[in-house]
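Participant: One structure coming up, written as structure tokens, with questions to follow.
The values are calculated or read from the model by the stated rules, or taken from the named source; none is laboratory data. Computed from a predicted model, the values in this text were never measured in an experiment. Cβ sites come from the backbone with ideal geometry, for glycine too, and all protein chains shown count toward neighbours. Surface accessibility is based on the protein's heavy atoms, side chains included, excluding ligands, DNA and RNA. Shrake-Rupley method; radii C 1.70, N 1.55, O 1.52, S 1.80 Å.
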Amino acid sequence: MPYLPEAKTEALKAIPGAARLLAAVRDRPGTYLVGGAVRDLMLGFAQFDFDIVVEGEAAELADHLVTEIGGRSRKHDRFHTATFYSEVDALSVDIATARTETYARPGALPEVIPSDLQHDLVRRDFTVNAMALSIWHERLGELEEFPDASADLAARVLRVTHDKSFIDDPTRLFRLLRYGARLGFAAEPHTEDLARAAVEAGAPSTVSGGRLGSELVVLLAERAALVAIDSMYALGLDRAIHPNFHADEYVAARVLSNLPDGVRQELLLLALCARSMDEDSAKPWLRDLGLNHKDAAIVLEGITNAELVADALSEDGSPAEHASVLRKYQPETLCLASGLPSTPPGLASLMREWLGDRSQGRLEISGADLREAGVSEGPAIGKALSSTLDATLNGEVNGRQEQLDHALRIVREERETV
Ligand code: CTP
């Protein structure tokens, strides 16, 4: 088996928390770093979540980590998985027993049968995610992969590991677009054909609303969400989610070009794409997607009110009159309203200025600061910034350090509820 270049193994050791994790598993053969962690390490990213597969019981390894490192674990017996979390370095580890998976019906959650690493690699979504790195001392850095995985990674290609992948698990259609948007990888032609065929066969409707909702939210929180919106439309995945869900690239480009701080991008984009729904159909749809009450209310306000904001404003109104209208709306609604083609440019600028003033000088941190502190890409960043802005506006938090502490605490709370 090939070994990872020395420099990459050193880069792994330098990731916050990695040294303690490697020390804890040094005498445990059959422990591997897998999936996105290996992919991102090979791509040269310095931060990622630790995903571990073990040829043995995940719960048992989680207990071992608690004994060795401290922290706490949570176990999910049905899926033979566990999570481990340690406050020090915010070390978060997802552990899974190596497995094969069978699907009772398309879109269902898989039945899990413990197995070995080779089977575990085959059951994965894309070849670039089907690589495993030994992390116990004796074989530290040894790489095992699904055939051609590292060649696909070098060629920046997304290739399914088997033809039924999107039918078994249609959430992988969202994952395909997510890696396309985030990494700039392209689906190879056969994978693209399979994705298109799965959408045409209505595969997304076989997945529960909650699973679909989580994938959609994660996709729309990507920094390159515009690419995701564009490819959702090209694949017809938007209409497959709901007949009135339209990935509108034109409006998305307008709102994303200058996104004010404290606006939750994924909620804004959900409202944007769903804005031709009426309130009666949007409400149960949002509930079905599994959004919490507060987030669903933000999206619903965007869907039902964005078109109305401009009507309530007059360009020659006084600042006080403008403020009395604008303060009634969530920032996501105003941001969406400012990008609608029906909103006169003068009013769009007014909304933008209001949103800018709301956060100007008040948020001294940005998404980049959170990424630098080890938070990986995803909705947690927007959520933490939005909460920090609210806390700052309420006078609960002052200055950059307190803002950073607050934001990281929100991220931690998010992780712990997973
Ligand atoms: N996986 C899969 N099919 C899914 C979900 C996950 O095959 N529907 C596998 C992939 O091998 C993936 C790994 O489980 O790499 C971990 O999943 P997840 O943490 O969701 O993805 P990451 O690859 O870590 O990607 P990201 O960086 O977006 O979190």
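Participant: Taking the conditions exactly as written (more than 16 Å from the ligand (Cβ to nearest atom) and not assigned by TED's automatic domain parsing to the domain that holds E413), does A62 satisfy them or not?
Facilitator: Working: more than 16 Å from the ligand (Cβ to nearest atom): yes; not assigned by TED's automatic domain parsing to the domain that holds E413: yes.
Yes.
Participant: Next question. So if I check each of R123, R156, R175, which one is over 19 Å from F45 (Cβ atoms) and either touching a strand residue (DSSP E or B) at 6+ places or on another chain (Cβ under 9 Å) or more than 13 Å from the ligand (Cβ to nearest atom) (or both)?
Facilitator: Values: R156 fails: over 19 Å from F45 (Cβ atoms); R175 fails: over 19 Å from F45 (Cβ atoms).
Among R123, R156, R175, only R123 is over 19 Å from F45 (Cβ atoms) and either touching a strand residue (DSSP E or B) at 6+ places or on another chain (Cβ under 9 Å) or more than 13 Å from the ligand (Cβ to nearest atom) (or both).
Participant: Please go through segment 77-101 and pick out each residue that is at positive phi and either surrounded by 19 or more Cβ atoms within 10 Å (Cβ to Cβ) or within 15 Å of the ligand (Cβ to nearest atom) (or both). Don't jump to the end; show me each part of the working.
Facilitator: The first filter runs over segment 77-101 and keeps only residues at positive phi, leaving 80, 89-90.
H80 - this is the single residue of segment 77-101 that is at positive phi and either surrounded by 19 or more Cβ atoms within 10 Å (Cβ to Cβ) or within 15 Å of the ligand (Cβ to nearest atom) (or both).
Participant: Okay, next question. Can you list residue pairs whose Cβ atoms sit under 6 Å apart, with the first residue in segment 151-172 being touching a residue at least 60 places away in the same chain (Cβ under 8 Å) and the second being within 12 Å of the ligand (Cβ to nearest atom)? Count only pairs 6 or more apart in sequence or on different chains.
Facilitator: Filtered contacts from segment 151-172: L153/V128; D168/Y103; P170/G107; P170/V207.
Participant: If you don't mind, there's one more thing I want to ask. Of the residues D193, D168, only one is of a type in the set (D, E) and either within 15 Å of the ligand (Cβ to nearest atom) or open to solvent by less than 20 Å² (accessible area, probe 1.4 Å) (or both); which?
Facilitator: Working: D193 fails: either within 15 Å of the ligand (Cβ to nearest atom) or open to solvent by less than 20 Å² (accessible area, probe 1.4 Å) (or both).
Step by step, each of D193, D168 is checked, and only D168 is of a type in the set (D, E) and either within 15 Å of the ligand (Cβ to nearest atom) or open to solvent by less than 20 Å² (accessible area, probe 1.4 Å) (or both).
Participant: So how many residues does segment 178-190 have that are farther than 19 Å from V122 by Cβ, more than 16 Å from the ligand (Cβ to nearest atom) and in contact (Cβ under 8 Å) with a residue 12 or more places away in the chain?
Facilitator: 1
Participant: While we're looking at this one, here's another question. When residues of segment 27-53 are filtered for being of a type in the set (F, W, Y) and not in a loop (DSSP other than H, G, I, E, B), how many remain? Lay out the reasoning, then the answer.
Facilitator: As a first pass, look at segment 27-53 and keep what is of a type in the set (F, W, Y): 32, 45, 48, 50.
Among the residues that remain, those that are also not in a loop (DSSP other than H, G, I, E, B) are: 32, 50.
Residues meeting the conditions: 2.
Participant: Suppose we filter A90, A62, A46, A96 for residues that are closer than 27 Å to L370 by Cβ and in contact with a Gly (Cβ under 7 Å, 6 or more places away or on another chain); which single one remains?
Facilitator: Values: A62 fails: in contact with a Gly (Cβ under 7 Å, 6 or more places away or on another chain); A46 fails: in contact with a Gly (Cβ under 7 Å, 6 or more places away or on another chain); A96 fails: in contact with a Gly (Cβ under 7 Å, 6 or more places away or on another chain).
Of A90, A62, A46, A96, the one residue that is closer than 27 Å to L370 by Cβ and in contact with a Gly (Cβ under 7 Å, 6 or more places away or on another chain) is A90.
Participant: Taking D49, is it open to solvent by 20 Å² or more (accessible area, probe 1.4 Å) and within 16 Å of the ligand (Cβ to nearest atom)?
Facilitator: Yes, satisfied.
Participant: Against the definition (free of Cβ contacts under 8 Å to residues at least 40 places away in the same chain, within 15 Å of A96 (Cα to Cα) and open to solvent by 10 Å² or more (accessible area, probe 1.4 Å)), how does A7 come out, yes or no?
Facilitator: When the stated conditions are applied, A7 does not pass them.
Participant: Which of the residues spanning segment 196-212 are open to solvent by less than 30 Å² (accessible area, probe 1.4 Å) and within 12 Å of the ligand (Cβ to nearest atom)?
Facilitator: If the condition is that a residue be open to solvent by less than 30 Å² (accessible area, probe 1.4 Å) and within 12 Å of the ligand (Cβ to nearest atom), then V207, L212 are the ones that fit.
Participant: Something else now. Hey, R74 hits all of (1) open to solvent by 80 Å² or more (accessible area, probe 1.4 Å); (2) out of contact with any Pro (no Cβ under 9 Å at 6 or more places or on another chain); (3) assigned to a helix (DSSP H, G or I) but one; which does it fall short on?
Facilitator: That leaves (3) as the condition not met.
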